[in-house]
Amino acid sequence: MSHAFFRSIFRVLPLLLVLSPVNSSSCTMGNKTAEIRVKYENILSHDIDELVNMSAEYRDRCCKNKKHEHSKVFFCNDTQEIESLQSMACNMLKFFNKQKIIKEFRWKAALVSCGTLQVLQCKCERHKKEKVCTQINTHNNDDRETGEQSKKKCNHEFCELKENISSLRSCWNKFEKIISR
Amino acid sequence: MAVPTALLAPVLLLCGLGPRLAATHGPTGVECVLFNEEYMTCKWGSRETLTANYSLYYWYETRLPMLECKHYLWDRGVSVGCHFNQSEIIQFQPFHVLLNASVNGQTLEIRSKRMELQDLVKPGAPVNLTIRNMSSNQLQLTWSSPYPKAQCLEHAVKYKSNKDTSWIEHGVKGDIFSFPSVDYEKYYTFYVRSKINSYCGSTQLWSEWSVPVVWGRNTTSKDLAEEQLQRFWIHTVLVPIASCLLLLVLVVLLVRMERVWVILMPRIPNPSKNFDELFITHNGNFQEWAGVPKDMLESFKPNYSESICHVSELPSKESHEPQWDGSNRPPGGPGAPAGPREHSPYQNNYVGV
């Protein structure tokens, strides 16, 4: 009797695992490409451009020859652009609390991440990260750092964030190209 | 002494190798351009800058292994670049290139930085430029692009009239350009070029300028020559002939119409005719000619005769006395100056009346 019980349990569980989708996208704007285009072109693309320009102003000599072991690499996979953007945006939110990175830059990066998630109507797997978006939307980064504090040294977290930003922008470019006529 | 020698050896070795390496004139980098997303060329130098034949290997970060270029570009026996077909191009995936050459038994390797091919797209130049007349002196310029995704393009329009000295450039998002006020006396030339916009990429590569389109009064060099010939005929032939004819007409008029002649050339009065009667008929007798009455003529004639009485004064020896006293006044009358008259040679001779 107990053998039958365990057999039934063990059959169901693998079945559940097989049947459940591996990458379940929690984004709900998938088919509304026109709406995504409008929001991206009119609002989000400008924030991304500002973020990229900001990133170019900071010292990045330490980033050029190093490839950090723990840095995650994101690719904009074919036919899975929305999911890729979701992963990139959610990952970028983790830099919001990294004190080694200039505050203004962290805030802007978080703003772009939250904007991406909002346009695509996506959620992150770890719901903690979405608290960041609430904070971003309610506060306008009033505490700006002084000029001296903003000249922080190059570090691997900054390099990783910069890499993320570049990947996010490229993925948005790819998605825009696909959904454009 | 051993340590400095040990340090010197690599230095000397580098000094020996350095010039040789520098003399090979290696490539400074690889430049890749995607032409209208149809093919790509990656170049690393020219015949003048390269002395070795380089081999190119490439790979995409997500897709190994490394592949060698299948179609090299040559310049007088030296490989200077690589041509990639459309099937070999993958955008939105990090692209890497490695250059490899063997020089004097040494291998030179040059790795390029990571490239994003979507940022190296150079669209084809716009085609089919068309101008339409709209209402209220407005022109509308339209065109089409050989690039497959028109919505990923931004454009620039460059134009100038035949009276302008410099070009005017405008950025355009769509594929229509409206020119607000046009002068119908001028001749305009328009050019258009394209670039991938910031929504679809991040590139600074503009396409080549399109074939121009023109609008307005077309004064070509042939027309200018004709215009000059026309001006020549007018200024050099017609105007002088017309002037001569006019002059001739005026001369004829002057000769034929005395009234006009008199106005233009008034006669100089000749008074001699008026005096013909004086000299011919009256023999110069003015009074007779003038018709002076005889009574008046008679009154001018003297009715007495008077002989001339010569009076002279003989010089006297005893006369140291003044020659006059209170009864004999000097001929100058009362108040006349005395000194000079005394010695005047004419004082002694005067005609008594």
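What are the residues in segment B:95-122 that are more than 54 Å from the chain's Cα centre (by Cα), within 14 Å of chain A (Cβ to nearest Cβ) and modelled with pLDDT under 90, if any?
The one that is more than 54 Å from the chain's Cα centre (by Cα), within 14 Å of chain A (Cβ to nearest Cβ) and modelled with pLDDT under 90: B:ARG111.
Given the structure, is B:SER161 among the polar types (S, T, N, Q) and surrounded by fewer than 15 Cβ atoms within 10 Å (Cβ to Cβ)?
no
Could you look through segment B:177-211, keep only residues that are assigned to a loop (DSSP other than H, G, I, E, B) and among the β-branched types (Val, Ile, Thr), and pick out the one that is farthest from the other protein chains (Cβ to nearest Cβ)?
The qualifying residue farthest from the other protein chains (Cβ to nearest Cβ) is B:VAL182.
Taking the residues in segment B:169-201 that are among the hydrophobic types (A, V, I, L, M, F, W, C) and in contact with a strand residue (DSSP E or B) (Cβ under 6 Å, 6 or more places away or on another chain) as candidates, determine which candidate is modelled with the lowest pLDDT.
The residue in question is B:VAL182.
Could you look through segment B:141-171, keep only residues that are touching a residue at least 40 places away in the same chain (Cβ under 8 Å) and under 30 Å from the mean Cα position of the chain (by Cα), and pick out the one that is nearest to the other protein chains (Cβ to nearest Cβ)?
B:ALA156
Which of the helices (runs of 4 or more DSSP H) found entirely inside segment A:58-139 contain at least 1 residues meeting this: modelled with pLDDT under 85 and of a type in the set (A, V, I, L, M, F, W, C)?
Hits in segment A:58-139: A:129-138.
Here is a check on your reading of the model: is B:SER135 open to solvent by less than 20 Å² (accessible area, probe 1.4 Å), more than 14 Å from chain A (Cβ to nearest Cβ) and among the hydroxyl-bearing types (Ser, Thr, Tyr)?
Against the criterion (open to solvent by less than 20 Å² (accessible area, probe 1.4 Å), more than 14 Å from chain A (Cβ to nearest Cβ) and among the hydroxyl-bearing types (Ser, Thr, Tyr)), B:SER135 does not qualify.
The values are calculated or read from the model by the stated rules, or taken from the named source; none is laboratory data. If you're wondering where the values come from, they're calculated on a predicted model, not measured in any experiment. Methodologically, a virtual Cβ is constructed for each residue, glycine included, from the backbone with ideal geometry; neighbour enumeration extends over all protein chains shown. Note: accessible area is taken over every heavy atom of the protein model, side chains too, but ligands, DNA and RNA are not part of it. Shrake-Rupley method; radii C 1.70, N 1.55, O 1.52, S 1.80 Å.
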